[in-house]
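Working notes, structure below.
Coordinate-derived values only; no laboratory data. None of these values were measured; they are calculated from a predicted model. FYI the Cβ positions are ideal-geometry reconstructions off the backbone, even for glycines, and counts take in every protein chain you see.
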Amino acid sequence: MSKEYVETEINGYPLRIETGEVAKQANAAVMVVMGETQILVTACASKEPKTDYNFFPLTVEYRPRTYAAGKIPGGFFKREGRPHGDDILNARLIDRPIRPRFPKDFMHEVQVWCMPVSFDGANDPDVLGILGASAALSISDIPFDGPFGAVRVGYIGGEYVANPTIAELEESAMDIVVAGTATDIIMAEG
């Protein structure tokens, strides 16, 4: 598979979704880049359905690495360890819009891994994780009713701002993450 990408601009920052270079053994993988923030999102599914479950076995992991922010763990704790509270909340934020987009009778185990590999301090990778999950599942062979978009909306100086930076969010009167298609809103969180 050759490298392919789509690109646009949001709030003065280029947004790029690319595939075809990394994680080639996954059903699909995309790298989402906004500014200098990059997040790798992979989607994998089991070959056989899980017949002993009475629920859809979807696992979403959001695992930022300390090196993404330019830090290396030192001292006694040199390993990454378990996910922190914010990582679990980000995984749930990514899970909410994708879970209802799978067929009701689809019982294969699906794993979506989101790993921020670079963080510029301005562009929050959580919304990029939602976009990446939608893109990866849409280009995979996993049955998925997508793609859809996601955006964080702020209200600064009497105007709505799409994907405000972390510094702009401190001045914002609201912070809402919205995911949806051209015709439907799937999720609003804020």
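Each Lys or Arg adds one and each Asp or Glu takes one away; over the other residues whose Cβ falls under 11 Å from the Cβ of residue 18, this sums to -1. Residue separation of residue 24 and residue 2 scaled by 0.36 nm, minus their Cα-Cα distance, works out to 6.8 nm of gained length. With Cα atoms as the point set, the radius of gyration and Dmax of the chain evaluate to 16.9, 54 Å. Once the Cα-Cα distance is subtracted from the 0.36 nm per residue extended length, the residue 176 to residue 52 segment shows a gain of 40.9 nm. Each Lys and Arg Cβ is given +1 and each Asp and Glu Cβ -1; about its Cα centre, the chain then shows a dipole of about 720 debye. Taking label points 7 Å from Cα along the Cα-to-Cβ direction, residue 145 and residue 169 give a separation of 2.9 nm.
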